[in-house]
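Peer 1: Below is a structure I'd like to ask you about.
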Ligand SMILES: Nc1ncnc2c1ncn2[C@@H]1O[C@H](COP(=O)(O)OP(=O)(O)OP(=O)(O)O)[C@@H](O)[C@H]1O
Ligand SMILES: [Mg+2]
């Protein structure tokens, strides 16, 4: 294990917190591979709809997830790449311009144009987390991906700027710091998930990533190889469970169990005549229902979530540009029928997104749609290490280690992320 190449990803969701420790093994900035060394999980209790509602509780979940991951990996980390999402996320497209200084366009011309695009005034209560170059225009030639080496006098750039609310970001950092770690970078969760499950071809052709979590459903649309739209729908698996509570008269915990054991999001997939027994109180007596009824409740709510996603993507102008269809991730993505229903509601092909490409080590233990974000975070971190922007730093775990005490990592280095999203 090369301790200089250890990275950690932390996905704090409203239902569960996942930590992954991995070793970077490739050198290509675009496709560095990672060996998964440790995966830790904890039930989250301090988050509401994707933002920290209780720092102490969130801190405890982070602590448990990371301690478990470290135990399995046999190594300690002192900083993490942490996911962030929620309704406070905003994205805008910004233009920058630079005149070309030499005979042909150089890296420094590109950096100047990008710096102009990036220098948008940002509201005091917001932070810029990603500045992603989309495409360039050289003189009058539009849609250029890599202008370096081209001849021209005027270079224009279009950048996608993603900002987040400062207070959700601060509360997240605070929770991680109280747990004894440092946030190396915040990464937008659906962008991380996209890294672990989408193929280059899908992003080129046009694809919508739909991450159905517990509290929210996050959207990321790619077209012509670039991120084009981000969205959040304020509903997820929790709403499906609440509908089961009301529809079937069971507790929240039993609703979750029923959903995970017998749930199906696409009613026509359930066999006619299949019966399930409901957990019941003495007064309720022995209760049995057709599994179709459970599927009906789930189908209704899930299609409403998908319809909201369709509307959001349509308003952004990308519904007709999804030639590669829809990829569903998030915990709810494990439910049978999720791809079939997505295909029906969107009217295009759909599949479930499982992390898997470029993974070694304990890759098997993260092969489920709920790990898409956490795996994407370590892949993103690996890309940063391969790019030379940061160096990972871990420490072998020994029994005498009481707390992470080693020096912090090199400071945050801001580079343009054209190689990532
Ligand atoms: N096999 C399954 N079938 C149906 N639902 C499932 C299954 N496994 C997990 N879920 C549901 O997935 C949801 C959790 O998803 P996930 O772990 O992606 O959420 P999260 O990241 O904690 O939340 P969020 O991203 O919304 O903040 C819960 O509602 C859970 O009941
Ligand atoms: Mg999540």
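Peer 1: What FRET efficiency would be calculated for the residue pair residue 365, residue 200, taking the C-beta separation as r and a Förster radius of 41 Å, to the nearest 0.05?
Peer 2: 0.95
Peer 1: Could I ask something else about it? For the range 200-356, just say rounded, prolate or oblate: build the C-alpha gyration tensor, square-root its eigenvalues into a ≥ b ≥ c, call rounded for a/c under 1.5, and beyond that prolate if a/b exceeds b/c, oblate if not.
Peer 2: Note, shape of the range 200-356 comes out prolate.
Peer 1: List the residues of the range 96-131 whose backbone N lies under 11 Å from a point placed 7 Å from the Cα of residue 170 along the Cα-to-Cβ direction.
Peer 2: 125-126
Peer 1: Also, I was wondering about something else. Could you sort 231-241, 126-136 so that the peptide with the highest average Cβ count within 10 Å comes first and the rest follow in order?
Peer 2: 231-241, 126-136
Peer 1: Here's a follow-up. By per-residue mean of other Cβ atoms within 10 Å, what is the highest-first order of 156-163, 78-85?
Peer 2: 78-85, 156-163
Peer 1: Per DSSP helix of 4 or more residues, -39500 (n - 2.57); summed, then divided by the residues of the chain. What does that give at 222 nm, rounded to the nearest 500?
Peer 2: That calculation yields -10000 deg cm²/dmol at 222 nm.
Peer 1: Between residue 123 and residue 314, what is the label-to-label distance in nm when each label sits 7 Å out along the Cα-to-Cβ direction?
Peer 2: Placing both labels 7 Å along Cα→Cβ, they lie 2.8 nm apart.
Peer 1: Once fully extended, how much extra length lies between residue 154 and residue 177, figured as 0.36 nm per residue of separation less the alpha-carbon to alpha-carbon distance?
Peer 2: 3.8 nm
Peer 1: Continuing with this model, one more query. Want the number for residue 141 to residue 97: 0.36 nm per residue separation, take away the alpha-carbon distance, what's left?
Peer 2: 14.5 nm
Peer 1: Where both partners of a DSSP beta bridge lie in the range 200-356, what percent of those bridges are antiparallel, to the nearest 5?
Peer 2: Here the antiparallel bridges make up roughly 70 percent for the range 200-356.
Peer 1: Extending each Cα 7 Å along its Cβ direction at residue 344 and residue 57, get the distance between those two points in nm, one decimal.
Peer 2: Result for the modelled spin labels: 3.6 nm.
Peer 1: In addition: With both partners inside the chain, how many of the DSSP beta bridges are antiparallel, as a percent to the nearest 5?
Peer 2: Expressed as a percentage, antiparallel bridges in the chain total about 75.
Peer 1: Gain in length, residue 4 to residue 300, computed as 0.36 nm per residue apart minus the alpha-carbon separation, to one decimal in nm?
Peer 2: Contour length minus the Cα-Cα distance gives 101.6 nm.
Readers should treat all values here as calculations from the given coordinates under stated rules, not as data from a laboratory. Predicted model only: the values in this text are computed from it and were never measured. Virtual Cβ from ideal backbone geometry, glycine too; neighbours counted across all protein chains shown.
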